[in-house]
Amino acid sequence: MDPDLVDKIIRDQLIYKENQLKIVLKKYIEICSPSEQLNEEKLQTQKQEFYKELNLYEFQIAKAVRQMEAQKFDGQQNQDLKSSILQRSQVSQQEIERLKQVYNIEEAIKKNKQSYEDLSKQIVTFDEAQEIDKKISTIDTQINSFEDKNSESLKKIKLKEKQIQFMMHIMKDLLE
């Protein structure tokens, strides 16, 4: 940027937009302008007033600088706070995801535990293996007994059939 342009911008900003600077410049011009009506006391008074106005202006500039520094500091603090909040938010989100996973695992464990309890109740209601073996052997014995009785009955039936056939044969012979 052109240095003359920078000087012009500064001059425009300071002279035309700053009321306090206008006052200081007016006082300076009054002191510097040759005037025959000014006596030594009046000149000293104007000089003191000029220094007061100049000090006031320097104070206002220092105040403005401090305000800008405070705003910059506040901005930095806000930025730090924002990044801290975002970071904590991300950590919280990760913790939420982890807790969701833990919850899902606990739910699965709970379902499995319920299934195991149901199975154990069913197992308890079944007879023991030895009792089942005894029942099977008793039933086998009964089946064998029925088969024996059945075979005896079949033998008797066959014998009766033969007897009937023999009688029929004899009756046929007698009828002839």
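Read the figures in this text as sums done on the coordinates, not as results from a lab. For clarity, every value in this text was computed on a predicted model and none was experimentally measured. Methodologically, a virtual Cβ is constructed for each residue, glycine included, from the backbone with ideal geometry; neighbour enumeration extends over all protein chains shown.
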Computed magnitude of the charge dipole of region 97-146 (debye, nearest 20; Cβ of K, R +1, Cβ of D, E -1):
300 debye
Positive-pole candidate from Ile139, Asn112, Ser153, dipole of region 96-159, charges at beta carbon
Ser153
Please report how many Lys pairs in region 58-136 have alpha carbons closer than 16 angstrom, counting only residues at least 8 apart along the chain or sitting on separate chains.
5
